[in-house]
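So the structure is just underneath, and the comments pick up after that.
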Amino acid sequence: MSTSHLARVAGFILLGAIGLSSALGASLEEIKKRGYMVVATEDDYPPFEYVVNGKPMGFDHALLAVLRKSAAFEIRQEILPWQGILPGVASGKYDAAVTAAVITDERTKSLDFTMPISESTMAYVKRKGDGRIKSLKELTGMALGVQQGGASFQVLPELESELKGSGGKLGKVAQYGAFSEAYQDLANKRLDAVINNIVSLSTLISEKPGQFELGQRVGKKSYAAWAVQKGNKGLTDYLNAFLAAQKANGTFKKLLVENLKINFDDLPNEPLLPGDRKVN
């Protein structure tokens with residue numbers, strides 16, 4: 001699946017420029033006045049968002065179902081590939097990205113983020129029993145799979161720096177629109193490892209323990225959150241209040257464990273950049 005790789009990378013690189021030239025997204029008051037909010041979710045990002053037999057599943061969809069019950073307006077959902085979600089929010093096409101978007105320096109130029117919904121530190125996964133890769137330094141020269149323009153792609157400079165520090169080098173990198181395709185190539189030995197957030201990899205391994213094996217973390221500790229257009233404070237505050245309420249009543253933890261098979265007791269109550277840095 002190589003035909004759409006460059007388009008995904010270009011979409012990410014242009015995200016900041018899109019945000020600068022976009023129309024203003026709807027404020028919370030405008031959303032209330034018109035009676036609906038438009039949210040974008042991803043179609044293939046388990047365990048956060050995915051579709052089974054036409055039914056939306058995953059942690060973000062579970063939270064969205066709760067939000068629908070409490071919101072004083074209709075929530076219209078558009079399910080689409082990752083490539084269009086953040087640029088669509090930055091341009092004002094969608095009011096919010098209810099997806100596990102990793103908070104990065106580049107993205108905060110055109111987007112504001114809610115409090116984190118999950119840790120999203122990167123790690124690598126390899127084929128079960130592949131004795132060539134015992135630690136991060138053994139990724140030198142290996143064929144790696146990442147998501148086009150996603151956080152796994154953005155962590156590559158950190159990985160390259162660490163590999164060079166031990167006398168190694170970054171090998172061939174293949175970029176994918178969907179991680180399912182990368183995992184298939186890993187299973188078929190077209191890749192040596194795939195980089196993704198540790199939550200998604202933990203879920204993958206729990207589903208296919210005889211096929212894949214979790215490796216070490218890659219890069220700094222990072223977080224995933226929902227996103228709105230830069231400067232839309234009212235909507236950001238509204239979504240933060242919703243998430244805080246679900247944490248307080250126990251719903252957030254229940255849905256987190258059910259869907260992610262992991263719990264994060266120490267998630268911060270504000271968006272933080274990789275390495276626990278504050279957003280300016």
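For region 198-272, the solvent-accessible area of protein heavy atoms averages 47 Å² per residue (probe radius 1.4 Å; ligands and nucleic acids excluded). The long axis of helix 156-165 is offset from the longest Cα principal axis of the chain by roughly 30 degrees. Rounded to the nearest 500, the 222 nm mean residue ellipticity of the chain from helices alone is -10500 deg cm²/dmol, with -39,500 (n - 2.57) taken per DSSP H run of at least 4 residues. Here region 175-262 exposes an accessible surface that is 52 percent carbon and sulfur, computed with a 1.4 Å probe and the other protein chains kept in place. Amide H contacts of residue 37: 74, 75, 76, each under 5 Å away and 5 or more positions distant or on a separate chain (H built 1.01 Å from N in the peptide plane; Pro and chain starts excluded). Note on region 230-245 and region 65-90: Cα centroid distance 14 Å, given to the nearest whole angstrom.
Compactness check for the chain: Cα Rg over 2.2 N^0.38 Å is 0.99. Three semi-axes describe the equivalent ellipsoid of region 128-255; taken as square roots of 5 times the Cα gyration tensor eigenvalues and ordered largest first, they are 32, 18, 14 Å.
Computed 3J(HN,Hα) for region 179-188, one whole-Hz value per residue from the Karplus formula 6.51 cos²θ - 1.76 cosθ + 1.60 where θ = phi - 60°, is 5, 4, 6, 5, 4, 5, 5, 5, 4, 8, glycine and proline marked x. The calculated FRET efficiency for residue 277 paired with residue 76, based on their beta-carbon distance and R0 = 35 Å, is about 0.55. Note that region 118-130 has calculated 3J(HN,Hα) couplings of 6, 6, 9, 4, 6, 8, 10, 10, 10, 5, 4, x, 6 Hz, one per residue in order, obtained from phi through the Karplus relation 6.51 cos²θ - 1.76 cosθ + 1.60 (θ = phi - 60°); glycine and proline are x. Taking only the C-alpha atoms of region 142-214, Rg followed by Dmax gives 12.3, 35 Å.
3J(HN,Hα) along region 95-100: 7, 8, 9, 8, 8, 7 Hz, from the Karplus curve 6.51 cos²θ - 1.76 cosθ + 1.60 with θ = phi - 60°, whole Hz, x for Gly and Pro. Computed about its Cα centre, the charge dipole of region 180-244 is approximately 280 debye, with only Lys, Arg, Asp and Glu carrying charge at their Cβ.
Under 12 Å of direct C-alpha separation, and excluding same-chain neighbours fewer than eight residues apart, residue 126 reaches these aspartates and glutamates: 138, 185, 192, 213.
The values are calculated or read from the model by the stated rules, or taken from the named source; none is laboratory data. None of the values given here were measured: they were computed from a predicted structure. Here Cβ is always computed from backbone atoms with ideal geometry, including for glycine, and neighbour counts include all displayed protein chains. Just so you know, the surface numbers come from the protein's heavy atoms only, side chains and all, with ligands and any DNA or RNA stripped out. Shrake-Rupley method; radii C 1.70, N 1.55, O 1.52, S 1.80 Å.
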